[in-house]
Amino acid sequence: MPHLSNKKLNKKVLKDLDKYIFSIIHDAGAKTRVNIFRELLTKTEKIMIAKRIGMLFLLRKGLSLYEISKALGVSSSTVERFARAQEFQKYRHTTDWVWKHSEDGSFDAFMEALVRLAFTGRAQSFKKFVDEY
């Protein structure tokens with residue numbers, strides 16, 4: 001879990017930071033945006049985001065909470081929390097984007113690397129894992 005400061009930000013500062021972050025995402029060109037996030041995100045943060053994306057994809061694919069938990073190395077309660085939120089359309093845009101971009105195989109390669117990471121050395125083809133279920 002990344003370290004978070006205990007110091008609370010006032011609502012205006014938090015709102016301004018939120019606005020600024022989204023302006024980077026919206027206004028920066030694709031190459032600049034990639035470079036910014038490569039510089040800013042730690043390895044742990046990248047893994048957390050990747051696992052979250054993986055959970056949304058596998059939930060949409062119809063795998064059970066247990067199967068997803070096992071595949072990604074996350075707790076079943078975390079997967080359940082994401083499943084519940086997904087039912088209420090909390091991750092609608094992310095899920096739609098992930099699903100749309102999973103058709104060409106590039107997402108399968110990403111997920112295969114993620115599954116390898118979750119198994120910590122126990123490589124298994126993501127496609128084989130999903131096809132088994």
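The values are calculated or read from the model by the stated rules, or taken from the named source; none is laboratory data. Bear in mind the structure is a predicted one, so any value in this text is a computation, not a measurement. Cβ: placed from backbone, ideal geometry, glycine included. Neighbour counts: every protein chain shown.
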Exercise for the section: Kindly indicate whether any position in the stretch 31-39 is in contact (Cβ under 8 Å) with a residue 12 or more places away in the chain and either surrounded by 12 or more Cβ atoms within 10 Å (Cβ to Cβ) or outside any helix (DSSP H, G or I) (or both). Expected result: yes
Fill in the blank from the handout: Filtering the stretch 51-93 down to residues that are part of a loop (DSSP other than H, G, I, E, B) and buried (at least 18 other Cβ atoms within 10 Å of the Cβ) yields Leu63, Val74, Tyr91
Fill in the blank from the handout: The condition of being over 23 Å from Phe22 (Cβ atoms) and not aliphatic (A, V, I, L, M) holds, among Thr78, Thr42, Thr32, only for Thr78
Exercise for the section: Answer yes if at least one residue in the stretch 53-65 is without any contact (Cβ under 8 Å) to a residue 24 or more places away in the chain, over 21 Å from His93 (Cβ atoms) and assigned by TED's automatic domain parsing to the domain that holds Trp99, and no otherwise. Expected result: yes
Practice task
With respect to Ile24, determine if the residue is among the β-branched types (Val, Ile, Thr), at pLDDT below 85 and surrounded by 10 or more Cβ atoms within 10 Å (Cβ to Cβ).
Solution key: yes
Practice task
From the list Leu41, Leu59, pick out the single residue that is closer than 23 Å to Arg81 by Cβ and touching a Phe, Trp or Tyr at 6+ places or on another chain (Cβ under 7 Å).
Solution key: Leu59
